[in-house]
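Read-outs: derived from the displayed coordinates by stated rules, not from any lab. Keep in mind the model is a prediction, meaning the values are calculated, not measured. Backbone-built Cβ (ideal geometry, glycine too); neighbour counts: all protein chains shown.
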Amino acid sequence: MGFKLFLLLEKLLMALPSSWRKSLFLTLAFISYTLSKRYRTVSYQNLDFAFDNKLSQEKKREITKYAFKNLLLNFLHAMELRHMSKEELAKKITIRNIEAVERVHAEGRAVIYVTTHYSSWELGGASIGAFIEPLIAVYKKMKNRAYEDWLLEARGRFGNISMEKTNVVKPLVKNLKNGLACGLLIDTNINPKEGVIVEFMGKSIRQTSTPAYLARKFNAAIIPVTIRTDDEEHYTLMLFDEIVVEKTEDESADIQKATQLQADWLTELITKEPKFWFWLHRRWKNDHPEIYKR
């Protein structure tokens, strides 16, 4: 019953002008920031840790407010994508450095897009599927299955296929062999038994090594990709040059090096424009749990 009411609300919201919807979600973002002491605290803890307590209180407040704003805008974008045409999406998106992908395709190789919770990740994933190539996006199972189906429908609007991360390696391998792209997040907290230790934002942390492993084994190309905006109306999908995975006699060292290069890319991205990253997530909770106990 509750989800049916949510779908009715969605229908009503989509009947409104887009500027009205955006204003409503920005209001919800402000309310969430004001009421959610827990996640404000998480954001401040992350920022203090990542920037060695060098950010002013005002700067941390500014970034944290934007994190709430960005989260609500992503929710809005997911809702709008369910009703959006490819032509409407094209009016929002500019693609930078598509040549990076074209070079890989010219070599007959599949692409592994490594990405992050940065700016509008919902528009970013949809734009790859709509304007570059459909991909398999790996996601973590959600507690609310009705909402999960709703969100996956939005993400599949332009041809992308979502696969839950449990036991996903075999399907990824099969599709990579057939030249189908995949998209993997590299900025989520992972099980201590997974991944390898890298330096991220100057701190040791465990990061998934799956992109490097798959790229090395199946001659695929790791292409970092993210999205940013200046006005929350028009977005730039930014493709970066391939992170090359070496293939020496030391497989572990090759994977370690390529995974570190991905962490370096993300560190540079966040350091340049920290407001766009999802600071409300306890990224360091497994490797540095002490920072969330202060």
- [ ] Using DSSP, restrict attention to beta bridges with both residues in the chain and report what percent are antiparallel, rounded to the nearest 5.
- [x] 40
Task: Distance between region 234-252 and region 154-226 - C-alpha centres, whole angstrom - done: 12
- [ ] Mind sorting 55, 214, 5, 16 by how few other Cβ atoms lie within 10 Å of their own Cβ, fewest first?
- [x] 5, 16, 55, 214
Open item on the list: At 24 angstrom or more along the helix axis (alpha-carbon based) and mean Kyte-Doolittle of -1.0 or higher, what helices does the chain contain? Whole DSSP H runs only.
Closed with: 18-35, 57-81, 251-272
Task: Formal net charge of residues neighbouring residue 179 (Cβ-Cβ distance under 12 Å; K, R +1; D, E -1) - done: +1
Task: Per DSSP, loop GluC sites (Glu not before Pro) in region 97-126 with at most 15 further Cβ within 10 Å - done: 107
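What's the local net charge at residue 277, with K and R +1, D and E -1, over the other residues with C-beta under 10 Å away? Please list the in-between numbers first.
Working: positive: 275, 283; negative: 187, 273.
Within the 10 Å Cβ shell, the charges total 0.
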Open item on the list: Could you tell me which residue out of 226, 112, 278 lies farthest along the dipole of the chain toward its positive end? Charges go on the beta carbon: Lys and Arg +1, Asp and Glu -1, centred on the Cα centre.
Closed with: 278
Open item on the list: Rounded to two decimals, what is the ratio between the C-alpha radius of gyration of region 1-133 and 2.2 N^0.38 Å?
Closed with: 1.31
Task: Local electrostatic count at residue 166 - Lys and Arg +1, Asp and Glu -1, tallied over other residues with Cβ under 15 Å - done: +4
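Where in region 202-251 are there trypsin sites (Lys or Arg not before Pro) that are in a DSSP coil and have at most 16 other Cβ atoms within 10 angstrom of their Cβ?
Working: sites: 203, 206, 216, 217, 228, 247; in loops: 247.
Counting only loop positions with at most 16 other Cβ atoms within 10 Å, the trypsin sites (Lys or Arg not before Pro) in region 202-251 are 247.
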